[in-house]
Amino acid sequence: MTGDRRAALLRIGAPFAVAVIVLAAWQVIVTVNDVPAYLVPSPLVVAKTLYSDRVLLARSLGVTLDIALTALALATLAGIAAALLFVQSRWLEASLFPYAILLQVTPIVSIAPLIIIWVHDTRAALVLCAAVVAIFPIISNTTLGLRSVDRGLLDLFRLARATRWQTLWRLRVPSALPYFFGGLRIASGLALIGAVVAEFVAGTGGQGAGLAYQILLAGIQLNIPRLFAALVLIALAGIALFAATVAVSRLALGRWHESALRTES
Amino acid sequence: MPRPDTRVNADARAVVALRDVAKTYDNGTQALAGIDLDVVTGEFLTLVGPSGCGKSTLLHLIAGLTQPSGGRVAWWNDTFDATGGEGRRIAFVFQSPTLMPWASVTSNVRLPLDLAGVPRAEANAAVEDALARVGLARAGGHLPRELSGGMQMRVSIARALVTGPDLLLMDEPFGALDEFTRQRLDIELLALWRAQRFTAVFVTHSIQEAVFLSTRVAVMAAHPGRILDAWHVDEAYPRDEAFRLSPAFAAIAQRVSACVAMASAETLPHGSRAKSARDAR
């Protein structure tokens, strides 16, 4: 019990303490040196702005999250489909995998303008951009997982004359789950980054303005407290997304996989 | 050196007949050469020999999991092949328990039945029976990781027995277990073999285990992997601790031991650059 509590203290308490110390130091330095808010706002000013601009910021957060989550869902579905296709034949994988890498290494800022020109619906264009950024870890991890099957179990399935479908569904897919969730964890962060970058490039304003647009606008208007407030929201959204994928992974892997087990003894 | 005659006089009792079987891997490693071996219905045959002598490869050939690069393997006088036939069943127990970590003990044992499309109720009854026979009647709901190494191996054996196999192949199944657990599982395995009357081929590097279990012990040597000699162990079953301590046991073990020592000595000059056949697989 005490071990459990100590582990929880370490996991939650320690980073929290760091945050408190950093914020307090920041507040003190800004106050003592009388730094103007348009250069570096103090944490208190940022908090006040978060509250006063809450309607505007919440709507923008909603837009950005909507794009990031839709992109993550799209990347997950397309990534799994690609991985399933790749494990069907070495030929397919050899022919197509380099293009998945190409997708990964091409900076999104350089292709985002094209996507935005080609796809008329702005939301769809932004989702597509973010999905392109997020898809690679899902493809590569899931492919690796589908191939990382215990040789003995594979022999066992062969001995039992299992069909290709049985081997895929009963053996490869469960074996791939831990790898897939590892990929999903990385992809969740990338989807958010992709959404923000795409918004920057698109510069969509008005009703459909996301957090990136608020940062852009606040920068131009020298409304630095609001810029910081939007930044804080993006960071929090990223952490929440990450935590959500960890929770889903714990739920799915349950008691059987090492990564989902809390340290014991 | 003359080849030992490990063939059966052309009667129909051979479960598996290997004729001049050779196995060379793509990388050029010659794992086996000139293997003539008949596995006789109902026998408990153990293959023993130094590391890299191709014991595992031979077992995989007998299972049909590996194709020979020369010679011929026939099952039940050619009434059975890789596509199946006449309801014959081959089961395999690996060195490690090779259980699916995400599935309960019951689901793991039921796997061969599920793959064969056996109705769930019938399959569950067979699983319960198999688990009871290996002494794990109440472990069905557990996950593999919650069991000890010995218990996991029992689950693996239950999975092999659940289909009622005609031929059970075991590749050093108790090699990773402590001596006490291994000896207990040896005795349990013999009881299952006598009760279910399957044919068994067992691979081990323990001479004591080989002599204790088998009706016949074949000693293998490496470079290339071949059968050096074979002995019948004509001691009555059931065998127990007393058999382990008997002069007859010591006498046979000594003879097998001398042969294995010879096999190892032959292996030694190449030993340093020898690649284990199992690794090559």
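A few points about this structure:
- Within the stretch B:87-115, considering residues that are charged (D, E, K, R) and part of a helix (DSSP H, G or I), the one surrounded by the fewest Cβ atoms within 10 Å (Cβ to Cβ): B:114
- Evaluation of residue A:175 against the conditions (1) of a type in the set (Gly, Ala, Ser); (2) within 16 Å of the chain's Cα centre (by Cα); (3) crowded, with 20+ Cβ neighbours inside 10 Å shows that the sole unmet condition is (2).
- Once the stretch A:248-265 is narrowed to residues that are under 20 Å from the mean Cα position of the chain (by Cα) and at pLDDT below 75, the residue that is surrounded by the most Cβ atoms within 10 Å (Cβ to Cβ) is A:260.
- Residue match in the stretch B:116-130 (condition: outside any loop (DSSP other than H, G, I, E, B) and within 21 Å of the chain's Cα centre (by Cα)): yes
- Any hit, the stretch A:205-220, residues being out of contact with any Asp or Glu (no Cβ under 9 Å at 6 or more places or on another chain), loosely packed, with under 14 Cβ neighbours inside 10 Å and modelled with pLDDT of 90 or more: yes
- Annotation note: of B:22, B:14, the sole residue that is modelled with pLDDT of 90 or more and within 16 Å of residue B:73 (Cβ to Cβ) is B:22.
- When residues in the stretch B:33-77 are screened for being in a strand (DSSP E or B) and either surrounded by fewer than 18 Cβ atoms within 10 Å (Cβ to Cβ) or away from chain A (no Cβ under 14 Å) (or both), 18 of them pass.
- One residue stands out in the stretch A:147-174 among those that are of a type in the set (Val, Ile, Thr) and not in a helix (DSSP H, G or I): the one that is farthest from the other protein chains (Cβ to nearest Cβ), namely A:149.
- Filter pass, residue A:235 being free of Cβ contacts under 8 Å to residues at least 40 places away in the same chain and within 27 Å of residue A:45 (Cα to Cα): yes
- Number of the exception - residue A:191 against (1) within 14 Å of chain B (Cβ to nearest Cβ); (2) crowded, with 17+ Cβ neighbours inside 10 Å; (3) at pLDDT 90 or above: (1)
- Enumeration of residues in the stretch B:116-126 that are more than 10 Å from chain A (Cβ to nearest Cβ) and either surrounded by fewer than 17 Cβ atoms within 10 Å (Cβ to Cβ) or under 16 Å from residue A:170 (Cβ atoms) (or both): B:118, B:119, B:120, B:121, B:122, B:123, B:124, B:125
- Restricting the first member to the stretch B:195-208 and to residues that are in the same structural domain as residue B:264 (by TED's automatic domain parsing), and the second to residues that are β-branched (Val, Ile, Thr) and part of a loop (DSSP other than H, G, I, E, B), the beta-carbon pairs closer than 6 Å and six or more apart or on different chains are B:199/B:41.
- Restricting the first member to the stretch A:1-26 and to residues that are under 21 Å from residue A:236 (Cα atoms), and the second to residues that are surrounded by 11 or more Cβ atoms within 10 Å (Cβ to Cβ), the beta-carbon pairs closer than 7 Å and six or more apart or on different chains are A:23/A:43; A:26/A:42; A:26/A:43.
- For residue B:138, the conditions (1) outside any helix (DSSP H, G or I); (2) within 13 Å of chain A (Cβ to nearest Cβ) all hold with the exception of (2).
- Among the residues of the stretch A:199-252, just one is touching a Leu at 6+ places or on another chain (Cβ under 8 Å) and either at positive phi or not assigned by TED's automatic domain parsing to the domain that holds residue A:114 (or both), namely A:203.
- Hey, residue B:63 touching a Phe, Trp or Tyr at 6+ places or on another chain (Cβ under 7 Å), over 25 Å from residue B:88 (Cα atoms) and either outside the structural domain of residue B:175 (by TED's automatic domain parsing) or not basic (Lys, Arg) (or both) or not: no
- Every test in (1) touching a Ser or Thr at 6+ places or on another chain (Cβ under 9 Å); (2) in a loop (DSSP other than H, G, I, E, B) is passed by residue B:181 save one, and that test is (2).
- Scanning the stretch A:74-123 for residues that are touching a Lys or Arg at 6+ places or on another chain (Cβ under 9 Å) and without any contact (Cβ under 8 Å) to a residue 12 or more places away in the chain gives a single hit, A:88.
- The single condition from (1) in the same structural domain as residue A:169 (by TED's automatic domain parsing); (2) more than 21 Å from the chain's Cα centre (by Cα); (3) within 15 Å of residue A:231 (Cα to Cα) that residue A:87 fails is (3).
The values are calculated or read from the model by the stated rules, or taken from the named source; none is laboratory data. These figures come from a predicted structure and were not determined experimentally. So basically every Cβ, Gly included, is an ideal-geometry build from the backbone, and we count neighbours across all protein chains shown.
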